[in-house]
Amino acid sequence: MFDKVLVANRGEIAVRILRTLREMGVAGVAVHSDVDSRALHVLSADEAVLLGEADPASSYLNVERIVQAALDTGAQAIHPGYGFLSENADFAARVEEAGLTFIGPPADVIARLGDKLTARRLLADAGVAVVPGMEVAARDLADLARAADAVGYPVLIKASSGGGGKGMRVVSSPEELTDAATAASSEASGAFGDGTIYLERYLDRPRHVEVQVLADSHGNLVHLFERECSIQRRHQKIIEETPSPALTPELRAAMGEAALVVARAAGYVNAGTVEFLLSPDGEFFFLEVNTRIQVEHPITEVTLGLDLVRHQVEIAAGGVLGLRQEELVPRGHAIECRIYAEDPAAGFLPSPGKVILCRPASGPGVRFDSGIYSGVDIPVSYDPILGKLIVWAEDRPAAMARMIRALRANVVLGVHTATELMLDILASAPFAEGETHTRFVEDHFGAWAPSEEGDLAAAVGYVSADLLGLGSEPAALGDEGGGWPSPWQTLGRWTLGS
Amino acid sequence: MPVLRSSVDPNSDEYKANFDHMAGLVERLREELTKAREDRSDRARARNAELGKLTVSERLDRVLDRNAPFLEIAPLAAWNMYDGRIHGAGSRAGIGVIQGREVLVSANDPMIKGGTIYPMGVKKTLRCQTIVMENRLPAVTLVDSGGAYLPMQSEIFPDIDDGGRVFYNQAIISKMNIPQITAVMGLCTAGGAYIPAMSDHVVHVKGTGAIFLGGPPLVKAATGEEVTAEELGGARLHCAESGVSDYFAEDDAMACDIIREIVANLPPQRKAEVARRAPVDPLYDPKEIWGVVPRSLSTPYDIREVMARLVDGSELLEFKRMYGPTLVCGWAHIHGYQVGILGNNGVLFSESALKATHFIQLCDRQGIPLVFLQNISGYIIGREYERAGITKDGHKMVAAVATATVPKLTVMCGQSFGAGNYGMCGRAYSPRFLWTWPNAQIGVMGAEEAAKVLITVKNDQLAREGQPPLPPEMEELIRGPVREAGEKEGNAYYSTANLWDDGIIDPAKTRDVLGLALSAALNAPLDQRDQGHATFRM
């Protein structure tokens, strides 16, 4: 086992990984940008290394600085978390080249699965159903038009190296194709530096169901059942649950088996997620493989009683996976709500600022994975996720009721969040009936707006905080003269002899 | 602000030779610091572990915030003195952060002669108390000491700067409303009993911590009563019965945690307001100082090359650039804090002294902390200069330095000879902090000059007696020991052993050290300066 591991990420996922490392008796090294020097992941680590300025290219995407930080601190492995460099094959290769272990799949597996078209071809060959569509990138518009005619409208244009909804366009008729393709390609080019696009048949109101897999380097492989992530806003998942209300035991077994076929075909090692689209009539199509720990991994953890990060670390250290497929039986129902700093009254734009008060919900079956604490600043430079509220209960109705209680009790003041929208979704009839699909929010909450009176409890909280002076920091924390930090805050661990 | 442009070529042979030379000095410094921290006898280590105590390093780690700097004070005090193993004069002390609050922590090291107090230990304690008073830093003391080192008691007991002064200062510090928090983690005997007693908060560790005016051996000798240390002055007695201690701790770790709670409950500290900017790194890597500073102290170099590697953005607004050019003065920022910085570019002339006087007055009035970079062979001498009144111009500079009330920080960057040491804010001029580079030399004058003076004086005496002057081999008999003493007593380690400074530092760390010290210094309010007259243009 490793003595020391560097976590190349920030926010809640870095904190979550560091917690497991602490439990394993493995020292954890945090890395951070200058605006994150008092972030929770830095305070949770045994050591922290400043990477550079706030912009991700100087910090969390700075491959050389991160590798150097690992070498300097004597870390033997790097956990990439999710986002940032987690699915960057060049990074994984660079880490191994430096004599360190990358906690994730081998670089060539990431590269193969990272290109969606390559992945589609690979898995079509392995006999896994993929959404009907192009198997090579579009060379020109005529190419695209021919393909659209072949699979039949409506079609979905996608970016070859995309994700997060960028470069995606639904086209319902041939007349719209030219404009949509141009827009999608330029958006993809801006977001990923690669304007390559392709198209596939657009499935109307499919469900997004994914299967977690875990594979060691000795050929042992299990799937850890599904997560339903259909509740999305602008292609961004906001509420996830397991088990999926749509799966029959037969379908569950079939999708699990398909995920294993995918993982086997790709030569997969470590934790990964195979995403499928499930059509309303029960057909499922392979979508893509996420070669990293997922944001929503805790719902799998709580229904199976596992620590996925611990398994990731053990597998990376060459350990043998002790899990047997036939012994894995999920229990109860879990739901996760993602808490972002976003303003529902301003079109869900990111809402950075200072968290005045953070008091996580607690009680039976409640878990809050977060990267915040009272008084911390949420920088503008990164994904505005604050944390994830996860509940577990014996069945779906109990889990919904528990999530509603927990969301109400979960206090995050100082930044806007979409808690109210999630409460309304959880209390709605379509959600209760399990009619979750990827257009759920547009169909049922397209006209949703935050209530006009706002959150009265929060208002009382703000007034009390102001009266008690909780928002103002003591000057000794370095706020003297313009709010710039003192070197006591920015230098990190430092001595005359170091 | 104008940006300093370096003319040093990092590819030149000269630079590389300088760099390697300084790298060697810094490597040795690291070795000395490691030795001071870790050189303990196996017996002492075993005894400490047997008693269930944490080591001093572990106590400091536990009580201070993680991931924050620790600016150690005088880690090499008493270096090579006594038996050569009274590292750090028997204690570790420094400025660190507890619950976000800058504090001064000092801790006896019971693994060095049972934590007994040597003369230099008293001097270090008094120095720490001065830092506490001047900068209004809460004082956290971890006491674990067998009391005075009795064979040397005459040197540490009665004088104004001896042991008694420690308790006097504690009363004054308390009167100044500066918090004092003490943990009793070992013996506090006789005078040592007053360290907790004079504190605001006393944490007492069960089993190992004991406070009494007379220990069990003395009690037995005086009254015949047989009593254990725990019965005589243990945590339960003092927390439950005598009221000498305030907080009961099961062990060292718990005591450290309680201290953190106490600090968290202190009233918020308002720091002095000074001009701040967003901190930015210098354009040139501070480590290049290693290659900038010549190997020989007598080789002149442009102090601006050092400044360019210390200040934010390498920006310096120079004051009177064309006047008195042997002293560089200017405004700059370090870690975002505005400073007035002075550095030597040669011997001090009347013009340079007047320029310094003017500049120091301006900084003092504007509440701008002063940074002195000393590389000074002294004030100019000779008939022409005496006639022009160099002494009265030197007086102005020395008086301005002495009376300035803004925080002053001094770094010994090379030579520090004669009155130059005073004018450039040497130890006697109460800089808030003073550090020494490992290449620095200090003395009334250079060893060669001192030898020449002595030979001249001897020859004059011989001439008065009608004798011939000394032959060359006799001159060498005088020169040799003077040169030897100059080198021994003038070097950085002798300086730091005697607490003439707060520590030897790696020149590449000067910027961070200054930034930390500036922040610490601002815990004390700045005096509002109304001198009752205008600033005089000198």
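Structure summary
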quantity: Count of the stretch A:310-325 residues which are part of a loop (DSSP other than H, G, I, E, B) and open to solvent by 40 Å² or more (accessible area, probe 1.4 Å); calculated: 4
quantity: Yes/no for residue A:434 being in contact (Cβ under 8 Å) with a residue 40 or more places away in the chain, part of a loop (DSSP other than H, G, I, E, B), under 20 Å from residue A:242 (Cα atoms) and in contact with a helix residue (DSSP H, G or I) (Cβ under 8 Å, 6 or more places away or on another chain); calculated: yes
quantity: Answer residue from the stretch A:13-29, given it is farther than 14 Å from residue A:77 by Cα and buried (at least 23 other Cβ atoms within 10 Å of the Cβ) and is nearest to the chain's Cα centre (by Cα) among those; calculated: A:13
quantity: Residue within the stretch A:416-436 that is open to solvent by less than 20 Å² (accessible area, probe 1.4 Å) and farther than 18 Å from residue A:237 by Cβ present; calculated: no
quantity: Qualifying position, being at pLDDT 95 or above and either in contact with a strand residue (DSSP E or B) (Cβ under 6 Å, 6 or more places away or on another chain) or buried (at least 23 other Cβ atoms within 10 Å of the Cβ) (or both), among B:187, B:142; calculated: B:142
quantity: Search result, residues across the stretch A:444-498 that are facing another protein chain (nearest Cβ under 7 Å), touching a strand residue (DSSP E or B) at 6+ places or on another chain (Cβ under 9 Å) and modelled with pLDDT under 80; calculated: A:474, A:476, A:477, A:480, A:481, A:482
quantity: Those residues of the stretch A:209-241 which are of a type outside the set (Lys, Arg) and open to solvent by 10 Å² or more (accessible area, probe 1.4 Å), in sequence order; calculated: A:217, A:218, A:219, A:220, A:221, A:223, A:225, A:232, A:235, A:236
quantity: The stretch B:246-298, residues that are of a type in the set (Gly, Ala, Ser) and not in a loop (DSSP other than H, G, I, E, B); calculated: B:249, B:253, B:255, B:264, B:291
quantity: Matching residues in the stretch B:402-411 - criterion: being within 28 Å of residue B:296 (Cβ to Cβ) and either free of Cβ contacts under 8 Å to residues at least 60 places away in the same chain or open to solvent by 10 Å² or more (accessible area, probe 1.4 Å) (or both); calculated: B:410
quantity: Verdict on residue B:159 being among the charged types (D, E, K, R) and either open to solvent by 40 Å² or more (accessible area, probe 1.4 Å) or free of Cβ contacts under 8 Å to residues at least 40 places away in the same chain (or both); calculated: yes
quantity: Among residues of the stretch B:360-384, those that are touching a strand residue (DSSP E or B) at 6+ places or on another chain (Cβ under 8 Å), within 19 Å of residue B:419 (Cα to Cα) and in a helix (DSSP H, G or I), counted; calculated: 1
quantity: 3 or more residues closer than 23 Å to residue B:414 by Cα and open to solvent by 40 Å² or more (accessible area, probe 1.4 Å): qualifying helices (runs of 4 or more DSSP H) within the stretch B:1-66; calculated: B:13-38
quantity: Enumerated helices (runs of 4 or more DSSP H) restricted to the stretch A:30-120, each holding at least 3 residues that are open to solvent by less than 10 Å² (accessible area, probe 1.4 Å) and either closer than 23 Å to residue A:161 by Cβ or out of contact with any strand residue (DSSP E or B) (no Cβ under 6 Å at 6 or more places or on another chain) (or both); calculated: A:89-97, A:107-114
quantity: Some residue of the stretch B:494-510 being open to solvent by less than 60 Å² (accessible area, probe 1.4 Å), more than 30 Å from residue B:407 (Cα to Cα) and not hydrophobic (A, V, I, L, M, F, W, C); calculated: no
quantity: Among (1) farther than 30 Å from residue A:52 by Cβ; (2) within 14 Å of chain A (Cβ to nearest Cβ) - the single one residue B:334 does not satisfy; calculated: (1)
quantity: Residue satisfying all of: in the stretch A:1-12; open to solvent by 30 Å² or more (accessible area, probe 1.4 Å) and modelled with pLDDT of 95 or more; farthest from residue A:296 (Cα to Cα) among these; calculated: A:3
quantity: Complete set of residues in the stretch B:492-538 that are at the interface with another protein chain (Cβ under 9 Å from one of its Cβ atoms), in a loop (DSSP other than H, G, I, E, B) and hydroxyl-bearing (Ser, Thr, Tyr); calculated: none
quantity: Residue in the stretch B:77-91 that is closer than 30 Å to residue B:285 by Cβ, part of a loop (DSSP other than H, G, I, E, B) and open to solvent by 10 Å² or more (accessible area, probe 1.4 Å) present; calculated: yes
quantity: Residues located in the stretch A:229-277, provided they are in contact with a Pro (Cβ under 6 Å, 6 or more places away or on another chain) and under 30 Å from residue A:423 (Cβ atoms); calculated: A:277
quantity: Pick from the stretch A:329-357, criterion among the hydrophobic types (A, V, I, L, M, F, W, C) and open to solvent by 20 Å² or more (accessible area, probe 1.4 Å), ranking: modelled with the highest pLDDT; calculated: A:329
quantity: Leading residue by the ranking (surrounded by the most Cβ atoms within 10 Å (Cβ to Cβ)) among those in the stretch B:92-120 that are more than 14 Å from every other protein chain (Cβ to nearest Cβ) and charged (D, E, K, R); calculated: B:109
quantity: Residue ID - surrounded by the most Cβ atoms within 10 Å (Cβ to Cβ), chosen from residues in the stretch B:121-139 that are in a helix (DSSP H, G or I) and touching an Asp or Glu at 6+ places or on another chain (Cβ under 7 Å); calculated: B:122
quantity: Odd one out for residue A:33 among (1) in contact with a Lys or Arg (Cβ under 9 Å, 6 or more places away or on another chain); (2) under 19 Å from residue A:376 (Cβ atoms); (3) within 12 Å of chain B (Cβ to nearest Cβ); calculated: (3)
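Yes or no, residue by residue, for (1) modelled with pLDDT under 95; (2) away from chain A (no Cβ under 14 Å); (3) closer than 20 Å to residue B:366 by Cβ:
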position: B:232; (1), (2), (3): yes, yes, no
position: B:235; (1), (2), (3): no, yes, no
position: B:274; (1), (2), (3): yes, no, yes
position: B:289; (1), (2), (3): no, yes, no
position: B:304; (1), (2), (3): no, yes, no
position: B:307; (1), (2), (3): no, yes, yes
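The values are calculated or read from the model by the stated rules, or taken from the named source; none is laboratory data. Given the structure is predicted, the values throughout are model-derived calculations rather than measurements. Positions of Cβ are generated from backbone atoms using ideal geometry, with glycine treated the same way; all protein chains shown enter the neighbour counts. To get the accessible areas, we keep the full protein, side chains included, count just its heavy atoms, and leave off ligands, DNA and RNA. Shrake-Rupley method; radii C 1.70, N 1.55, O 1.52, S 1.80 Å.
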